[in-house]
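Handing you a structure now.
The values are calculated or read from the model by the stated rules, or taken from the named source; none is laboratory data. Everything numeric here is computed off the predicted structure, so don't read it as measured data. Neighbour counts run over all protein chains shown; Cβ positions are idealised from the backbone, glycine included. Surface accessibility is based on the protein's heavy atoms, side chains included, excluding ligands, DNA and RNA. Shrake-Rupley method; radii C 1.70, N 1.55, O 1.52, S 1.80 Å.
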Amino acid sequence: EVRASFYKIGGLTTGSDVRINGIKVGTVTDRHLDPETYDAVVKMSINSDIKLPRDTLAAIGSEGILGGMYVQLQPGLENSYIKAGGAIEKTQDFRSLEDQVGEILFLATGGTNIEP
């Protein structure tokens, strides 16, 4: 089991997949709010034959507008590994469709504020 902290996890639920390159390698076993940082802490059970390098990145992914959420792991290149019960330090928060559309509008308007 490993854990990772995120600012936003969208609709990620207990039982969601944990994947590497689209292949299921584990399951989300718990999610809770850190009472000190208010981050979402996600605990994951990873297959015992998978060794995650310490510089692995965990990101929240979506299977599309109507699809479910999952944790996407991107293994790094370090030769040392995260131990059972350890933490994935590098994370990428969930970006909702609204966040992405807002970013596109911001870029399309030359980075100026959009007034109502």
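Find the accessible area per residue for segment 1-75; the probe is 1.4 Å, ligands and nucleic acids are left out, and the unit is Å².
56 Å²
How much net charge surrounds G68 when only other residues with a Cβ under 15 Å from its Cβ are counted (Lys, Arg +1; Asp, Glu -1)?
Result for the neighbourhood of G68: +1.
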